[in-house]
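Quick note: the coordinates plus some simple rules give every number you see, no bench work behind them. What you are looking at is a predicted structure, and each value in this text was computed from that prediction instead of being measured. Reconstructed Cβ throughout: ideal geometry from the backbone, glycine too, with neighbour counts over all protein chains shown.
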Amino acid sequence: MLLLFPALVGLGLLRERMPAPERLFAGAALLLCSLLLVLAQAKYTVSGYRYGYAAAAGLFLFALPLWLAERRYPGPRWALALAPPVMLSVALYAILRPGYGADTYRGGILYRWAAGAVPVSPAGPARQAKAAVRAAQAAVPPGAPLLARIDHPYHFDFRRNRVFVADWPGLTGPSPPPHSADPAAWAEYLRRHGVAFVAWSWRSEAGMGAAYLQPLIVQSDSAFFKDQLGRTVLTQQALAAFEGRERAAYDDGAIRVHDLRAEKP
């Protein structure tokens, strides 16, 4: 997505007939949209469902100066020159204001790196996450089906194993999954469907622990959302209880892989 903006703006800015104010406007749209998305890059800081809105806003801001240039904008030129700083001011307010805006960008990987909370290059955490996921996968025999409820499941080698990624766990499955926190029920369900291994980000609770989800359940007016979050809590409680009954084939202090082929002695 971030490559889309430079490509489009580059095409537009190369048009000789675009006057200077419109070129400035288009350049500001590119800079702001790209900057805001990059600053927010980190797990659970900007919902993936909101990226479409950001892209649409960027395309609109880019298309507006093109449209004005085609129509020979008759208004005062200073109005166009004023648009970029106004856009920047609104963006800065959204970032710095208390609440969701500030929390979003302060959770971003670049913000935390600049603040010293992440003492590595911005690309470092991605490499570390991939290495952690691949190390956990190495504890699973090639070809063995695997249920994954972990951070960053996209780092799995999906050619090596058939990986069932539990995005919102407990909602669906080959047959209705247990609506329960009972680890025995979940272990039996997974074994019945041929899943012998479970990878679980137990330390972070896959970024969605009960302490985070319970207030959302209380606040939500949606029966579906309440059920979705409630099932997630129950499923993760069952996975947490595996630690006492199912053999751990791997545990690095953050990701644990359980072998369901035999109960823990």
Give the long-range amide H neighbours of residue 165: residues separated by 5 or more places, or on another chain, with amide H under 5 Å away, using H modelled in the peptide plane at 1.01 Å from N. 148
Taking θ = phi - 60°, what integer Hz values does the Karplus form 6.51 cos²θ - 1.76 cosθ + 1.60 yield along region 224-233, in sequence order, with x for Gly and Pro? 5, 5, 4, 5, 4, 5, x, 5, 4, 4
Which whole-Hz couplings ³J(HN,Hα) result when phi for each residue of region 174-189 is put into the Karplus expression 6.51 cos²θ - 1.76 cosθ + 1.60, θ = phi - 60°, listed in order with x for Gly and Pro? x, 9, x, x, x, 9, 7, 9, 6, x, 5, 5, 5, 4, 5, 4
Exposure proxy check: 149, 127 ranked by fewest other beta carbons within 10 Å? 127, 149
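Calculate the dipole size of region 197-247 relative to its Cα centre from +1 charges on Lys and Arg beta carbons and -1 charges on Asp and Glu beta carbons; express the result in debye to the nearest 20.
Details: 5 positive and 5 negative charges, 28 e Å.
Result for region 197-247 is approximately 140 debye, rounded to the nearest 20.
Ranked by Cβ crowding within 10 angstrom, fewest neighbours first, how are 227, 157 ordered? List each step's numbers first, then the result.
On the way: 227 15, 157 12.
Least crowded to most crowded, the residues run 157, 227.
Cut-off is 10 Å between beta-carbons; in what order do 150, 255 appear when sorted fewest neighbours first?
Listed from fewest to most nearby Cβ atoms, that is 255, 150.
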